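Undergrad: Next up is a structure, given as structure tokens.
The values are calculated or read from the model by the stated rules, or taken from the named source; none is laboratory data. Note that the structure is a prediction, hence the values are computed from the model and not measured. All Cβ positions, glycine included, derive from the backbone under ideal geometry; neighbour counts span all protein chains shown. Ligands, DNA and RNA are excluded from the accessible area calculation, which covers all protein heavy atoms including side chains. Shrake-Rupley method; radii C 1.70, N 1.55, O 1.52, S 1.80 Å.
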Amino acid sequence: MAHLWSLSQVCEWLEEAGLGHAKDTFIENEVDGLTLTKMTERMSERMFPKIKDQVQFMAAVDKLKLEDSHDTEVRKETPVTPVSSDVILPPFLKSALSSQDPQLKSPGKNKLKNALIQALFDNLSQKTMYPSHNDYVLTLRSTLIRFPFLREKYGSGYDALLESLKNKFKKERKPLINLEEVSKMKEKYSVRHSGRKRGCEIEEVCLQKRSCEQISLDSAEDLRSILQHIEILQQEHHKARPNFDIIQQRLNRTKTYRQHYIQNHTTAEVLEEFPCLMRPNLLLGEMKRIHQIDIDKAILTKMGELAPKLIEKAPKGALKDICLQTLQLCEDEQEKKAQMVNAAIVLLPSVFKENASFLFVNDQEPISPTPTIVVTGSNPLSSTEVAVKMDGCNMILDDGSIDISLALAVFFCLFHVYDVQYPKPLRKTMAFLEAFVFEMKSAVPLTVQKLVSSLH
């Protein structure tokens with residue numbers, strides 16, 4: 001069946017249909033059989049610039065669908081009605097899913113797993129008692145998007161759930177011989193006079209269900225296309241030499257969905273779904289998209305201008321002594337200039353008499369779940385291992401090129417990309433960075449204004 005074709009089989013079909021010149025475009029967009037059979041005229045316009053090719057392609061797709069005899073029969077008997085991908089969950093199950101109850105991942109049957117299958121069944125059965133493969137997949141994938149920890153380590157990530165859900169439908173369909181849809185399918189495919197007889201009256205039960213969170217999608221995208229973009233993003237991220245043009249393109253096409261996902265999921269879940277956000281250049285790109293600011297460039301230029309006076313303003317202490325000693329050991333002017341920026345960064349909280357541990361820590365775990373720079377060794381300026389953590393997660397890939405200034409750029413971006421509130425013990429430091437380094441329009445405390453005036 002066409003909807004089960006692989007990408008290579010789709011390319012072979014294109015050759016047979018006289019459209020082989022479009023193979024590269026289909027390969028780039030990861031068009032498999034399932035995607036092919038769901039393509040619309042609007043989608044074909046993106047794949048084929050010429051109207052003649054668009055007409056030829058849509059005609060070939062229509063012919064392909066007609067040749068799928070099984071699907072044709074099912075469509076004749078049971079018109080397909082779009083099924084909502086948002087599953088309504090009872091409160092106790094939603095609570096268990098939110099807390100990632102281990103029972104939901106256990107191999108055997110239990111109350112929570114049964115409740116999850118029942119909720120999925122209730123969602124699909126509202127429209128049909130004979131869901132298509134696409135209906136099953138759309139429902140299960142949207143559930144995994146909301147609760148990624150349910151994803152299985154093998155196969156498609158939902159094979160066991162799919163089997164349980166299909167078995168649930170088979171079990172529930174057996175006694176419903178008087179339901180019109182089931183009756184038609186049973187008359188067509190079952191053996192006459194087999195099975196158990198039931199009474200003709202079926203009690204109808206209606207449940208009032210609360211509305212659930214709607215998944216926000218980008219313009220001209222649907223859930224299936226969003227999932228395809230995410231899959232390509234994950235594939236590119238794990239390549240030894242990822243194509244950043246492709247990554248940026250897919251990020252642009254999922255920005256609304258991604259923002260919604262970030263707001264409704266844990267940090268670990270976001271990194272699992274969008275691992276490319278661990279790459280500093282892409283995270284900086286997200287910040288530039290949100291606030292039109294080149295954070296890394298602003299740090300190097302603005303902090304470079306203010307660094308000498310900020311270091312001078314910093315109170316005496318062990319950290320300042322370490323910074324001054326490191327600056328004295330710099331062999332050339334370029335290295336000294338870069339290290340002065342790093343020194344100004346780590347000393348900045350002390351200038352405002354704030355707790356520097358909310359900005360960076362040495363050889364220990366962060367004291368707060370908010371973004372924190374973590375350095376190895378007692379001297380942050382000479383450390384060869386610099387990381388940024390948030391909510392117990394490493395937020396950047398360490399390729400050995402991360403220094404304090406780039407770590408600060410990542411640190412600041414995380415607050416805005418992940419919509420995290422600034423820590424109160426670092427309020428003045430963050431206000432200074434916002435107003436006088438990144439030139440963002442924001443309220444500035446009087447003490448910060450006075451300090452900046454003294455620097456000039």
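Undergrad: Going by the structure shown, is residue 384 out of contact with any helix residue (DSSP H, G or I) (no Cβ under 8 Å at 6 or more places or on another chain), closer than 30 Å to residue 274 by Cα and either surrounded by fewer than 21 Cβ atoms within 10 Å (Cβ to Cβ) or not charged (D, E, K, R) (or both)?
TA: yes
Undergrad: State which residue is most open to solvent (accessible area, probe 1.4 Å) when the search covers only the stretch 135-166 and only residues that are of a type in the set (Phe, Trp, Tyr) and in a helix (DSSP H, G or I).
TA: Filtering the stretch 135-166 for residues that are of a type in the set (Phe, Trp, Tyr) and in a helix (DSSP H, G or I), the one most open to solvent (accessible area, probe 1.4 Å) comes out as 149.
Undergrad: A follow-up question, please. Looking at (1) under 20 Å from residue 224 (Cβ atoms); (2) free of Cβ contacts under 8 Å to residues at least 60 places away in the same chain, which is the one condition that is false for residue 2?
TA: Going through the list (1) under 20 Å from residue 224 (Cβ atoms); (2) free of Cβ contacts under 8 Å to residues at least 60 places away in the same chain, residue 2 breaks only (2).
Undergrad: What pairs come up if the first residue lies in the stretch 359-387 and is within 22 Å of residue 428 (Cβ to Cβ), the second is of a type in the set (Asp, Glu) and at pLDDT 90 or above, and their beta carbons are under 9 Å apart, counting only those six or more places apart or on different chains?
TA: Pairs found: 369/391; 370/391; 371/391; 372/365.
Undergrad: Of the conditions (1) open to solvent by 30 Å² or more (accessible area, probe 1.4 Å); (2) touching a Pro at 6+ places or on another chain (Cβ under 6 Å), residue 359 satisfies every one except a single condition; which number is it?
TA: Of (1) open to solvent by 30 Å² or more (accessible area, probe 1.4 Å); (2) touching a Pro at 6+ places or on another chain (Cβ under 6 Å), only one is false for residue 359: (1).
Undergrad: Something else: Name the residues in the stretch 28-48 that are open to solvent by 80 Å² or more (accessible area, probe 1.4 Å) and either in a helix (DSSP H, G or I) or at pLDDT 85 or above (or both), would you?
TA: Hits for the stretch 28-48 are 28, 41, 42, 45, 46.
Undergrad: Out of the residues in the stretch 408-434 that are open to solvent by 20 Å² or more (accessible area, probe 1.4 Å) and free of Cβ contacts under 8 Å to residues at least 60 places away in the same chain, which is farthest from residue 366 (Cα to Cα)?
TA: Of everything passing the filter in the stretch 408-434, 434 is farthest from residue 366 (Cα to Cα).
Undergrad: Quickly run through the stretch 8-27 and pick out the residues that are farther than 21 Å from residue 249 by Cα, open to solvent by less than 60 Å² (accessible area, probe 1.4 Å) and in a helix (DSSP H, G or I).
TA: If the condition is that a residue be farther than 21 Å from residue 249 by Cα, open to solvent by less than 60 Å² (accessible area, probe 1.4 Å) and in a helix (DSSP H, G or I), then 10, 11, 13, 14, 20 are the ones that fit.
Undergrad: Give the stretch 248-274 a look and list any residue that's within 16 Å of residue 397 (Cα to Cα) and in a helix (DSSP H, G or I), or say none. Quick ask: steps written out before the conclusion?
TA: Going residue by residue through the stretch 248-274, those that are within 16 Å of residue 397 (Cα to Cα) are 267-268, 270-274.
Once the filter is applied, which keeps residues that are within 16 Å of residue 397 (Cα to Cα) and in a helix (DSSP H, G or I), the stretch 248-274 yields 267, 268, 270, 271, 272, 273.
Undergrad: Sticking with this one: Run down 318, 338, 298, 343 and say which single residue is small (Gly, Ala, Ser), crowded, with 20+ Cβ neighbours inside 10 Å and out of contact with any Gly (no Cβ under 8 Å at 6 or more places or on another chain).
TA: Details: 318 fails: crowded, with 20+ Cβ neighbours inside 10 Å; 338 fails: crowded, with 20+ Cβ neighbours inside 10 Å; 298 fails: crowded, with 20+ Cβ neighbours inside 10 Å.
None of the others qualify; the one that does is 343.
Undergrad: Can you report the number of residues in the stretch 394-407 which are in contact (Cβ under 8 Å) with a residue 40 or more places away in the chain and loosely packed, with under 15 Cβ neighbours inside 10 Å?
TA: Adding up the residues that qualify gives 2.
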